[in-house]
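No value in this document is a laboratory result; all are computed from the given coordinates. These numbers were taken from a predicted model, which means no experiment stands behind them. Counting neighbours? That spans all protein chains shown, and the Cβs are built from the backbone with ideal geometry, glycine included.
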Amino acid sequence: MKALHQFTAGFAKGDAISNEALALRDVFRSWGCASDIFSETRRILPELRREILDVATCAVQPGDAVLLHLSIGSPVNSFFRALPCRKAILYHNVTPPRYFERLQPATTWALEQGLEQVRALAGAAEVNLAVSRFNAEELAGYGYEDVRVLPLVFDPARLKAKPDRRVLRELRDGRTNVLFVGRCVPNKKFEDLLLAFAHFQKAVDPESRLILAGSWAGCERYHQLLVSQVRQLALRRVEFLGSVPQGTLQAAYGAADLFLCLSEHEGFCVPLMEAMAHDVPVLAYAAGAVPETLDGAGVLVARKDYPELAELMGRLCRDRPLREAVVTGQRERVARYFARDLAGELRGLLAPLLAERPS
């Protein structure tokens, strides 16, 4: 095989799919394949357009292969279907459009289109992969056959980046830091994070701080509603960091006492793995692929009872034996993940594409 390329709907700094595409590109090149990443130019950050190529320029031969990261409606998906080469799909899940209906009509339409394209692509690829069993079961429901699971691949070097010392010093001021990392979008339920934190700050730890790291680009209206909610709840020390450099993110993890995730739809959720790798106890709502990603680690809740959540948050921050037990379980989970040869597993899963076709 001459080439093994990747298609993404868009490309940005820091998001899980973009990071995985970069990691896989390195893997594919290490196999001796020519490998590039293609997307819509208008969906690629300007500073990345020399590295990430316009999908319209992708020229393939019948013996080449393309892997599509499928996550939202995009012309890239239709372009992929028409390619005269071998194909694989890696499904990251499409967020249910209902979360965006009243806030982002354009995003709602793109997600609805994405679900239609997911259904239409059944049977289009020789290899069908998903980053979680949750995603694989959804694909099977759309008629995909023999869907295999490969956890989302990310570069462990990101976990070893140096934290921003200034930010770390500012956050380590003796206050309890509750952290969530993820795009500021409705399915991640930032409004529920604020409600849980309101009970925690008012009834458990008045000097606490809530740190929210993640871009709200494209969801500015949602972000403004959240800012209004902070005022209505009379909360103090709620910090919307937006999109931040890796050093700032490392500092946030380094200063966090608790990682709180109340998201209602996740196809994998890399920040859970990052928090566990930084020894930050995780308290999460059991939705989507979250239980699967935690794999027995952290603390899961089945309902959003905010007074109960606040009490549990306090215990995880202050009860040292409980905290140590949770962190120990999380270390074991992270060790299991990194003990896997994911590149080797991927090579086995892509074997039908890598084999030479008989002449």
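For the Cα atoms of the chain, what angle does the longest principal axis make with the long axis of helix 320-339, in degrees from 0 to 90, nearest 10? The answer is roughly 10 degrees.
Counted by Cβ distance under 12 Å from Trp216, the other residues give a net charge of +2, where Lys and Arg count +1 and Asp and Glu count -1.
Charged neighbours of Asn93, selected by a Cβ distance under 13 Å, balance to -4 (K, R count +1; D, E count -1). Residue farthest toward the positive end of the dipole of the chain, with Cβ of Lys/Arg at +1 and Asp/Glu at -1: which of Leu150, Gly247, Ala21? Looking along the dipole axis, the top candidate is Gly247. Dipole size of the chain about its Cα centre, with +1 on Lys/Arg Cβ and -1 on Asp/Glu Cβ: approximately 740 debye, rounded to the nearest 20.
With 0.36 nm allotted per residue and the present C-alpha distance subtracted, the Arg221-Arg119 stretch has 33.7 nm of extension available.
Rounded to the nearest whole Hz, the Karplus-based 3J(HN,Hα) values (6.51 cos²θ - 1.76 cosθ + 1.60, θ = phi - 60°) of segment 56-65 follow the sequence 5, 8, 6, 10, 10, 9, x, x, 7, 9, with x at glycine and proline. Relative to the longest principal axis of the Cα atoms of the chain, helix 16-30 runs at roughly 40 degrees. In segment 157-339, a dipole from Cβ-located charges (positive for Lys and Arg, negative for Asp and Glu) runs towards its positive end, and of Phe259, Ala161, Gly329 it is Ala161 whose Cα lies farthest in that direction. With θ taken as phi - 60° and the Karplus curve 6.51 cos²θ - 1.76 cosθ + 1.60 applied, the whole-hertz 3J(HN,Hα) list for segment 304-316 is 9, 8, 5, x, 5, 4, 4, 5, 5, 4, x, 5, 5 Hz, x standing for glycine and proline. Beta bridges per DSSP, both residues in segment 47-180: antiparallel share near 0 percent.
When each of the peptides 19-32, 258-271 is scored by the mean number of other C-beta atoms lying within 10 Å of its residues, the order from highest to lowest reads 258-271, 19-32. When only the Cβ of Lys, Arg, Asp and Glu is charged (+1, +1, -1, -1), the dipole of segment 125-196 relative to its Cα centre reaches about 780 debye.
Total lysine pairs in the chain at Cα distances under 19 Å, for residues eight or more apart or on different chains: 6. Model label points for Glu239 and Leu103, set 7 angstrom from Cα along the Cα-to-Cβ axis, are 2.3 nm apart. The HN-Hα couplings worked out from phi for segment 173-189 by the Karplus form 6.51 cos²θ - 1.76 cosθ + 1.60 (θ = phi - 60°) are 10, x, 7, 7, 10, 9, 10, 9, 10, x, 4, 7, 10, x, 5, 7, 6 Hz, whole numbers, x standing for Gly and Pro.
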